[in-house]
Amino acid sequence: MDAFRLLTRSTKFSKSAAAPAESSRLPSTGKAANPQLFRTAEGEKLESAQNGKKRKRAARAVDEKTEEDTADLDFFHSNKRSAAPATETTGHTKGDRGQPIAQDESDEEDAMDEVQRRTILNSHKIKVTDLRDLDEIQLQPTPAPEDSKKKKKKSKKEVPEPEPQPLSKKEQKRARRMYPQPLVSFKELRSRYKISSRLAENIAEQGFTVPTEVQLGSLPLLLGDSSVSTAGQVSEPDLLVVAPTGSGKTLSFMIPVINKIVRHHHSSQSDEHGILSLVVAPTKELASQIVNEGRKLVAGTGVKITLMRKGMRVVEQEDEGESNALDEDSEESGSEAENEEEDKPKKQRNNAPVTKSDILVTTPLMLVNSLSANQTTSIARLPLVRSLVLDEADVLLDPLFREQTLDIWRSCVHPDLRVSLWSATMGSNVEDLTQSTIKERLESIGHPSTTSHPLVRLVVGLKDSAVPNIDHRLVYAATEQGKLLGLRQLLRPAAASASDVRLRPPFLIFTQTIPRAIALHSELKYDIPAEAGGSSRIAVLHSDLSDSQRSDIMRDFRKGEIWILVTTDLLARGVDFRGINGVVNYDIPNSAAVYVHRVGRTGRAGREGGIAVTYYTKEDIPYVKSIANVIDVSEKLRGAEGEKSIQKWLLDSLPDLSKKDKQELKKHGVKARQMSKQVGGKDKNAGQDGKSSRETRISTKSGFERRMENRKRGAIEASRNRKATANTDGNESAGSWDGLED
Ligand code: ADP
Ligand code: MG
């Protein structure tokens, strides 16, 4: 494919226009075959058996139904199933016709036994752990359904004597392990978990067929199994989830949040109006994306979701008069997402009406400012919030955001609050902080017991690891100049060049700081020939831009009008550009976690073929090991077949970094690229002066020189292309912009 075809794709963006001739292994070419990252043949067999059983029974149910219609002669089911909910479509409540069936046959058939659940969970590398104190776990009364759901080791509870023997580490671990029922198909959301039918339709409409691992494991925990709840409600836990980038965590928390609100609207408390759920995310880009995803799910359910904006009022402050609630931007129709992103600050200050919405999605600072009148008063309470979702929780609880996040958490004073924390990386400090905050909050609202609902941790795959479906390249470039040369080669490898890496747009380039992103952008701007769209194809995004500039760039990148986006760690987290082909770490990331998240912008939902290129210089050598380790683990996760990009000798020869140096790096990045003068900034990577110094400069030639060269090249190219228009195949070299070609 040539640059012109890419151009076509960008102006008329449609799935079919996306590079038909390209190999199906490119993320940009479309859907992933299977969004699941881990599965074994054994688990797969079991799951399809489960599904098969349901299908068979569903067919039977339909048979029965038609027969019932003609003659109501089904004694068996009319006797036994009178109390059961109507689930004809799946046939859950019906037994084999003509055969005497056990009273609870349907439940038994649906609920897998522990071995089955264990097999499926293990085959997807899902590990569920009860994080409460051990004595709390053991103190639990053991009502049969609760126990069968959670699978605590019964033997541990059978030691009633006053001198309980301390458990060995291994036994403790075993006592904490849980094997909850997995969700083997999205259909179960309706049949088993009784979610709102409209919500189920909205999910189906998005074309998802198989639940991803994190959905498979977490949805049943958060939705509660209705077949169990009739006998004894298993209460919804607080949940800590660690699951790979791009594995569908958004859907995992949005479905339960929305469903809970639908239930609430139908309950006796339905006259309560105000924010019932809060979703907190570290950046505006991510918050806006979550709202857009949420809008697709709430369409027609009566649930309203809103993106927090500057100046928006979310609660009635005591000293303020009554308000007329307004729902200007919380329409529930799935209106075109990107249009909603623009910034409409409400400047009416105190007179602004209180936003009427069920779900509020916000960055920490914006909500704190709203709740505390720009931090001039003590923080107001959010008395109705039942679900608090912290997306990218480890960043939200990192020193940068910690106080704001905890303030928000504490302002949620409802006794039934459930919190869930989501990320692909989570240190044990996050776990500790979560546990202590939950305790502290319950005490402060006079509800000191946590036995009613546990804190559960769900891990998919290996914690803190990069997704296994992308290729990693760790490239030694020696110097800053070397990196620029390397990047140029990546963009436009000369036909004879030895470069084995080809990176095709769209892709992201990460730098350490805002000034470096700006500098790299202006350096690369003239590298794109005019006939391919020129400098409009490349953009820079960082937190010093205005909100509307930021959302315009996001929109254009998603539309395919921008092909290359130079950015800081502002975009490292959460944002989902589905078809990104690669990520370039122009500057090495400040930590292994940042690496995991940056490269996780590609390979979303199991897509294969994404590439992550990381350059490092001599100055970076002390910091490379943790990244090399991440790559090594990810390649091991992938399995034996692929060749390793990290050789053992390299791993062994790279120096280890002390804990102190690691912290220093995380805070300030690589020293050589810092500016001498520190200026406070909004961005995590800000804090740099705008003017470049010798060390931080990114350039080989002046922009003017490049522009002139580029013009000349463009003219030559244009004339050459005129001659070669007949060739539309695109496999032939179209000249200097080879980097975009197949
Ligand atoms: P995470 O938050 O885990 O990084 P996201 O929630 O952003 O991941 O989801 C990544 C992508 O996967 C999104 O484009 C989403 O639409 C898609 N996705 C989510 N669930 C599924 C599924 N079950 N099947 C296919 N694609 C899915
Ligand atoms: Mg996410």
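The values are calculated or read from the model by the stated rules, or taken from the named source; none is laboratory data. The structure displayed is predicted, hence computed values, not measured ones. Reconstructed Cβ throughout: ideal geometry from the backbone, glycine too, with neighbour counts over all protein chains shown. Keep in mind that these areas ignore ligands, DNA and RNA; they rest on the heavy atoms of the full protein, side chains included. Shrake-Rupley method; radii C 1.70, N 1.55, O 1.52, S 1.80 Å.
Numbers below:
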{"item": "Scope the stretch 358-380; condition part of a loop (DSSP other than H, G, I, E, B) and either at pLDDT below 95 or in contact with a Leu (Cβ under 6 Å, 6 or more places away or on another chain) (or both); matching residues", "result": "Asp358, Ser372, Ala373, Asn374, Gln375, Thr376, Thr377, Ser378, Ile379, Ala380"}
{"item": "Members of the stretch 204-221 that are surrounded by fewer than 23 Cβ atoms within 10 Å (Cβ to Cβ) and either closer than 13 Å to Val241 by Cα or in contact with a helix residue (DSSP H, G or I) (Cβ under 7 Å, 6 or more places away or on another chain) (or both)", "result": "Gln206"}
{"item": "Gln647 more than 16 Å from ligand 1 (Cβ to nearest atom) and at pLDDT 95 or above", "result": "no"}
{"item": "Residue that is nearest to ligand 1 (Cβ to nearest atom), among those in the stretch 409-430 that are under 20 Å from Ile258 (Cβ atoms) and either open to solvent by 10 Å² or more (accessible area, probe 1.4 Å) or in contact with a Ser or Thr (Cβ under 8 Å, 6 or more places away or on another chain) (or both)", "result": "Trp422"}
{"item": "Residue match in the stretch 135-146 (condition: open to solvent by 30 Å² or more (accessible area, probe 1.4 Å) and modelled with pLDDT of 85 or more)", "result": "no"}
{"item": "Filter result for Ser196 (more than 14 Å from ligand 1 (Cβ to nearest atom), among the hydroxyl-bearing types (Ser, Thr, Tyr) and in contact with a His (Cβ under 8 Å, 6 or more places away or on another chain))", "result": "no"}
{"item": "Those residues of the stretch 556-581 which are more than 25 Å from Trp422 (Cβ to Cβ) and touching a residue at least 24 places away in the same chain (Cβ under 8 Å), in sequence order", "result": "Lys559, Gly560, Glu561, Ile562, Trp563, Ile564, Val566, Asn581"}
{"item": "Test: residue in the stretch 612-624 that is in contact with a helix residue (DSSP H, G or I) (Cβ under 9 Å, 6 or more places away or on another chain), within 16 Å of Ala243 (Cβ to Cβ) and acidic (Asp, Glu)", "result": "no"}
{"item": "For His597: the one exception among (1) within 16 Å of ligand 1 (Cβ to nearest atom); (2) open to solvent by 10 Å² or more (accessible area, probe 1.4 Å)", "result": "(2)"}
{"item": "Within the stretch 505-563, tally of residues that are of a type in the set (A, V, I, L, M), at pLDDT below 95 and surrounded by 18 or more Cβ atoms within 10 Å (Cβ to Cβ)", "result": "3"}
{"item": "Verdict on Arg598 being closer than 16 Å to Thr511 by Cβ and outside any loop (DSSP other than H, G, I, E, B)", "result": "yes"}
{"item": "Those residues of the stretch 232-262 which are open to solvent by 20 Å² or more (accessible area, probe 1.4 Å), in contact (Cβ under 8 Å) with a residue 40 or more places away in the chain and more than 16 Å from ligand 2 (Cβ to nearest atom), in sequence order", "result": "Gly232, Ser235, Glu236, Lys260"}
{"item": "Matching residues, the stretch 385-401, being over 22 Å from Lys310 (Cα atoms) and open to solvent by less than 40 Å² (accessible area, probe 1.4 Å)", "result": "Arg386, Ser387, Ala393, Asp394, Leu397, Asp398"}
{"item": "Some residue of the stretch 491-504 being modelled with pLDDT of 95 or more, under 21 Å from Thr602 (Cβ atoms) and in contact with a Leu (Cβ under 7 Å, 6 or more places away or on another chain)", "result": "no"}
{"item": "Residue list for the stretch 180-195, restricted to those being open to solvent by less than 20 Å² (accessible area, probe 1.4 Å) and not β-branched (Val, Ile, Thr)", "result": "Pro180, Gln181, Pro182, Leu183, Ser185, Glu188, Leu189, Ser191, Arg192, Tyr193"}
{"item": "Conditions (1) in contact (Cβ under 8 Å) with a residue 24 or more places away in the chain; (2) away from ligand 2 (no atom under 16 Å from the Cβ): number failed by Met426", "result": "(2)"}
{"item": "Failed item in (1) in a loop (DSSP other than H, G, I, E, B); (2) within 16 Å of ligand 1 (Cβ to nearest atom); (3) surrounded by 24 or more Cβ atoms within 10 Å (Cβ to Cβ), with Val583 passing the rest", "result": "(1)"}
{"item": "Flag for Gly461 being at positive phi and free of Cβ contacts under 8 Å to residues at least 40 places away in the same chain", "result": "no"}
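One line per residue, one yes/no per condition, for (1) modelled with pLDDT of 95 or more; (2) within 16 Å of ligand 2 (Cβ to nearest atom); (3) over 22 Å from Gln215 (Cα atoms):
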{"position": "Phe577", "(1), (2), (3)": "no, yes, no"}
{"position": "Asn590", "(1), (2), (3)": "no, no, yes"}
{"position": "Tyr595", "(1), (2), (3)": "yes, no, yes"}
{"position": "Arg601", "(1), (2), (3)": "yes, yes, no"}
{"position": "Tyr615", "(1), (2), (3)": "yes, no, yes"}
{"position": "Asp620", "(1), (2), (3)": "no, no, yes"}
